[in-house]
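Asker: Dumping the structure here so I can ask a few things about it.
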Protein chains: 2
Amino acid sequence: MTNKIKVGLLGFGVVAGGTYDVLKRNADEITRRAGSNIEVVRIATRTPSKAIGHVDEHIPVTDNMEDVINDPNVDVVVELIGGTTTAKDIVIKAIENGKHVVTANKALLAHYGNEIFALAAEKKVIVAFEAAVAGGIPIIKTMREGLTGNRILWLAGIINGTTNFILSEMYKKGLAYEQVLSEAQRLGYAEADPTFDVEGIDAGHKLSILAAIAFGIPVNFKHVYTEGIREIQEKDISYARRLGYRIKLLGITKHREEGIEMRVHPTLVSQQQLLASVDGAMNAVVVDGDAVGQTLFYGQGAGSEPTASAVVADLVDVARMLNANPEHRVPALAFQARSLRDINLLPMQEVISSYYLRFTVVDRPGVLSEVTEILAKGRISVKSMLQDEEHDGQATIIILTHRAKEGAANEAIKDIESLSCVNSKVVRIRMENFV
Amino acid sequence: MTNKIKVGLLGFGVVAGGTYDVLKRNADEITRRAGSNIEVVRIATRTPSKAIGHVDEHIPVTDNMEDVINDPNVDVVVELIGGTTTAKDIVIKAIENGKHVVTANKALLAHYGNEIFALAAEKKVIVAFEAAVAGGIPIIKTMREGLTGNRILWLAGIINGTTNFILSEMYKKGLAYEQVLSEAQRLGYAEADPTFDVEGIDAGHKLSILAAIAFGIPVNFKHVYTEGIREIQEKDISYARRLGYRIKLLGITKHREEGIEMRVHPTLVSQQQLLASVDGAMNAVVVDGDAVGQTLFYGQGAGSEPTASAVVADLVDVARMLNANPEHRVPALAFQARSLRDINLLPMQEVISSYYLRFTVVDRPGVLSEVTEILAKGRISVKSMLQDEEHDGQATIIILTHRAKEGAANEAIKDIESLSCVNSKVVRIRMENFV
């Protein structure tokens, strides 16, 4: 175990910083999964000072990209420069030097993907790009490896967080596009020049990659129809709402008998659809396959660590490839067999949850205080309470609690049931809030 | 290209039939992705007659499982017998014979997974089991390969379709558990003996596998707390609804500092959560990773072809491993580079969509008929219409159309704008219904 995969980082913006942090913070888990340590050994960025303040002292930081791609010590280059000029040159050179490449650069792949993939195949290196589409959602892996039994019929996605944030705010607050854009810029959800996002170009880049993977065609960005959200008016959002719809900027690609559609445009989506409920800067992609039917994949589409999550997954893929016997590339249980651990498995008594409690009481003064006293004794705090169905001098009580240990809840339930004013069993259903 | 991966099928129920059908129907796409043909060469089932009526004549069907696992011609055995007795023996023997194994058998893995995986590692074969959890949703691949950069914090899922169907029907129709169960049995959503599903045991099997993969622990089914839905009463569903919650049977596993929780039980989930909207027999899993945040994966959890989708994906994984240079195991664009095709890319004129149209008219008789005449001429049928905001003799018209070609819509919009009674541009937003 534990040979070392040596990573060269190109660029040191938020995603690179996040990648560095995740690799360091989760080094133990990542090594247990990958079968080798994945370590950043060299960084090139136009503003080295930012990186120098962030990373361990022993890691050399340079402002010369060539230093990284020519370093014989580097196994994998992570390109996080962005854009299509320097990034293209440097990725091509890295591949020519026999480096594997991980990139988050959708514009690069939308424009030069075919050329880059062909060169990588020739040089027998991997070019991995999970982070290029929908950030933390592993949609590339899902399409490329998870749904391989299917003829993909179509795919539709919210694949630009900025525009989804803007449309969500317009919907929630009834504000005009321009107002919400300013707010989004202030909050860092939109760039100073928001053109790429709001005109649908960024979504178009991603869609061209997804369409290629879905249908087995070359990447073809220039054929993608793009229409942005600048013209969307509040009144259309409001009419759509009255009719039962939300307006979302979708990337859509369909394989019809006559050919393939590729288009990005604002779209009315029925409020019945899960896609309509995807709000804020979140991303989601719906894929329809002839065998699997409709599947949906949801998560954060941008941001430092969500994107880093995808970059690191690509690095683990490369590490596993460099490491393993082919049949053991991915360990059956995700972690290398030797590194499985017997972590303490908690008995149900120790589980923490919130609770819904229902029981019937005799409707006389002091009943509630007897019940709440029991809960207080068990340190179970009440979130809300409902009293219902009073007849024959009986009342139904429903209590929602805050989080407490199962053992304490069991005790409290037993005590409540033994109260003379309580004349039913306590129905208990657990409650989770996922926050 | 195109060496051949030879598959032996064990069992011939609905999933095996679906697997056979998908492999045959999508042979072209699958070969283009896998880099080799994947062919069923032998089938063993207790009732050969069913298989014989279904599959191509040249494929030998036997009632002796040993025939398949001892066939030197078979590369991969697909175990779809179910249960934990014969299935265990036969999987162990297949591995000992050096066969790769694909299985959908969660009970088998929940009980004997550790033993089976250890033997597979020793014999250098793959045991793949995407179909064992959440059917068509590639959640095993996602956890094992897509989220490898994360420390998984918790995971919660609707991973049993039968119970989700029952709870959804109780919610929608206000019926009692027993009534809905009978209906579910009649529709084939529940077995004659529904114990495994309604008691949460099936979900527990799946949860023990997911927890192992999430946290790097051995599979430990006997530690999973399971509580089913038999006791759930209509009135609790109805109180939960009043309080803003849905009741779902969830499998939940959390990594707390003190240890790991693993539990299956009915759970109140806020209606704000996407998970609450997962209805009918659908499955969904929410995973929270420290880098990626919350992600959700949704799709069909059972059924012939959704499950087959997962089985075939595993077969493609095996094929790619047997085939490829390691760095080229998964082609960059999902399909083998040589098999990319230049499929006709449709110009926007040819795209088919529904439309939301908004414009202002002079409010006088005959206006609507002039507009609808134009739409009829373009063979665009109207789905619904709304007239609003009449003042100053003006009215706003909103029309939702059925599906039509973009070209026809463009023509109609031009013609509507040229009507003397129309005194605004036509705002057009496309509409998709994903059905």
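Asker: If residue B:283 passes every condition in (1) more than 9 Å from chain A (Cβ to nearest Cβ); (2) under 16 Å from the mean Cα position of the chain (by Cα); (3) surrounded by fewer than 24 Cβ atoms within 10 Å (Cβ to Cβ) but one, which one does it miss?
Answerer: (3)
Asker: Here is a list: A:368, A:400, A:375. Which entry is in contact with a Ser or Thr (Cβ under 6 Å, 6 or more places away or on another chain) and either within 25 Å of residue B:211 (Cβ to Cβ) or not assigned by the TED database to the domain that holds residue A:28 (or both)?
Answerer: On the way: A:368 fails: in contact with a Ser or Thr (Cβ under 6 Å, 6 or more places away or on another chain); A:375 fails: in contact with a Ser or Thr (Cβ under 6 Å, 6 or more places away or on another chain).
A:400 is the lone residue from the list that is in contact with a Ser or Thr (Cβ under 6 Å, 6 or more places away or on another chain) and either within 25 Å of residue B:211 (Cβ to Cβ) or not assigned by the TED database to the domain that holds residue A:28 (or both).
Asker: When you go through A:157, A:228, A:146 one by one, which is the residue that is buried (at least 21 other Cβ atoms within 10 Å of the Cβ), without any contact (Cβ under 8 Å) to a residue 24 or more places away in the chain, assigned by the TED database to the domain that holds residue A:245 and not β-branched (Val, Ile, Thr)?
Answerer: Working: A:157 fails: without any contact (Cβ under 8 Å) to a residue 24 or more places away in the chain; A:228 fails: without any contact (Cβ under 8 Å) to a residue 24 or more places away in the chain.
Just a single option satisfies the conditions, and that option is A:146.
Asker: Would you mind telling me which numbered condition in (1) assigned to a helix (DSSP H, G or I); (2) exposed (fewer than 15 other Cβ atoms within 10 Å of the Cβ) residue B:388 fails?
Answerer: Every condition holds for residue B:388 apart from (1).
Asker: In addition: Right, residue B:42: more than 14 Å from residue A:149 (Cβ to Cβ) and either modelled with pLDDT under 95 or among the charged types (D, E, K, R) (or both) or not?
Answerer: On the way: more than 14 Å from residue A:149 (Cβ to Cβ): yes; either modelled with pLDDT under 95 or among the charged types (D, E, K, R) (or both): yes.
Spelling it out, residue B:42 is indeed more than 14 Å from residue A:149 (Cβ to Cβ) and either modelled with pLDDT under 95 or among the charged types (D, E, K, R) (or both).
Asker: Counting just the residues of region A:107-134 that are surrounded by fewer than 20 Cβ atoms within 10 Å (Cβ to Cβ) and within 27 Å of the chain's Cα centre (by Cα), which one comes out nearest to the other protein chains (Cβ to nearest Cβ)?
Answerer: Among those that are surrounded by fewer than 20 Cβ atoms within 10 Å (Cβ to Cβ) and within 27 Å of the chain's Cα centre (by Cα), it is A:114.
Asker: Look at region A:214-230 and say how many of its residues are outside any strand (DSSP E or B) and facing chain B (nearest Cβ under 8 Å).
Answerer: Step one: filter region A:214-230 for residues outside any strand (DSSP E or B), giving A:214-224, A:227-230.
Retained after the next criterion (residues that are facing chain B (nearest Cβ under 8 Å)): A:214-220, A:223.
Selection size over region A:214-230: 8.
Asker: Moving on. Has region A:103-112 got any residue that is out of contact with any strand residue (DSSP E or B) (no Cβ under 8 Å at 6 or more places or on another chain) and assigned by the TED database to the domain that holds residue A:251?
Answerer: no
Asker: Looking at region A:397-419, which of its residues are farther than 16 Å from residue A:430 by Cβ and crowded, with 18+ Cβ neighbours inside 10 Å?
Answerer: Selection gives A:397, A:415, A:416.
Asker: Scan region A:68-92 for residues that are of a type in the set (Asp, Glu) and either more than 24 Å from residue A:113 (Cα to Cα) or touching a Cys at 6+ places or on another chain (Cβ under 6 Å) (or both) and report the count. Even if it seems obvious, please write down each step before you answer.
Answerer: The first filter runs over region A:68-92 and keeps only residues of a type in the set (Asp, Glu), leaving A:71, A:75, A:79, A:89.
Right, trim to either more than 24 Å from residue A:113 (Cα to Cα) or touching a Cys at 6+ places or on another chain (Cβ under 6 Å) (or both) and you get A:71.
Here the count works out to 1.
Asker: Moving to a separate point now. Only residues that are more than 26 Å from residue A:106 (Cα to Cα) and either surrounded by fewer than 15 Cβ atoms within 10 Å (Cβ to Cβ) or of a type in the set (Gly, Ala, Ser) (or both): list them for region A:24-59, please.
Answerer: Selection gives A:27, A:28, A:35, A:36, A:49, A:53, A:56, A:57, A:58.
Asker: Here is a follow-up. Do we find that residue B:86 is in contact (Cβ under 8 Å) with a residue 12 or more places away in the chain and away from every other protein chain (no Cβ under 14 Å) in this structure? Give the derivation first.
Answerer: On the way: in contact (Cβ under 8 Å) with a residue 12 or more places away in the chain: yes; away from every other protein chain (no Cβ under 14 Å): yes.
Taking the combined requirement at face value, the residue satisfies it.
Asker: Regarding residue B:247, is this residue more than 19 Å from residue B:84 (Cβ to Cβ), in the same structural domain as residue B:285 (by the TED database) and not in a helix (DSSP H, G or I)? If you could, list the steps in order and put the result at the bottom.
Answerer: On the way: more than 19 Å from residue B:84 (Cβ to Cβ): yes; in the same structural domain as residue B:285 (by the TED database): yes; not in a helix (DSSP H, G or I): yes.
Yes, satisfied.
Asker: Taking region A:172-195, which residues are away from chain B (no Cβ under 14 Å) and either part of a loop (DSSP other than H, G, I, E, B) or touching a residue at least 24 places away in the same chain (Cβ under 8 Å) (or both)?
Answerer: Our first condition is that a residue be away from chain B (no Cβ under 14 Å); within region A:172-195, this holds for A:173-176, A:178-195.
Selection gives A:174, A:175, A:176, A:188, A:189, A:190, A:191, A:192, A:193, A:194.
For every residue, the table says whether it meets (1) facing chain B (nearest Cβ under 7 Å); (2) touching a residue at least 40 places away in the same chain (Cβ under 8 Å); (3) assigned to a loop (DSSP other than H, G, I, E, B).
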{"residue": "A:306", "(1), (2), (3)": "yes, yes, no"}
{"residue": "A:310", "(1), (2), (3)": "no, yes, no"}
{"residue": "A:320", "(1), (2), (3)": "no, yes, no"}
{"residue": "A:327", "(1), (2), (3)": "yes, no, no"}
{"residue": "A:333", "(1), (2), (3)": "yes, no, yes"}
{"residue": "A:358", "(1), (2), (3)": "yes, yes, no"}
{"residue": "A:361", "(1), (2), (3)": "no, yes, no"}
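Asker: Now a separate question. Among the residues of region A:13-20, are any in a strand (DSSP E or B) and away from every other protein chain (no Cβ under 14 Å)? Working first, answer last.
Answerer: Our first condition is that a residue be in a strand (DSSP E or B); within region A:13-20, this holds for none.
The answer is no, given that none of the residues of region A:13-20 is in a strand (DSSP E or B) and away from every other protein chain (no Cβ under 14 Å).
Asker: Can you name the residue in region B:143-171 that is aliphatic (A, V, I, L, M), more than 13 Å from every other protein chain (Cβ to nearest Cβ) and in a helix (DSSP H, G or I) and, of all such residues, is nearest to residue B:296 (Cα to Cα)?
Answerer: B:166
Asker: Something else about it: Being within 8 Å of another protein chain (Cβ to nearest Cβ) and in contact with a helix residue (DSSP H, G or I) (Cβ under 6 Å, 6 or more places away or on another chain) narrows it down to one of B:252, B:247, so name that one.
Answerer: On the way: B:252 fails: in contact with a helix residue (DSSP H, G or I) (Cβ under 6 Å, 6 or more places away or on another chain).
From the options B:252, B:247, the qualifying one is B:247.
Asker: Of all residues in region A:189-223, how many are surrounded by 23 or more Cβ atoms within 10 Å (Cβ to Cβ) and of a type in the set (D, E, K, R)?
Answerer: 3
The values are calculated or read from the model by the stated rules, or taken from the named source; none is laboratory data. Keep in mind the model is a prediction, meaning the values are calculated, not measured. Here Cβ is always computed from backbone atoms with ideal geometry, including for glycine, and neighbour counts include all displayed protein chains.
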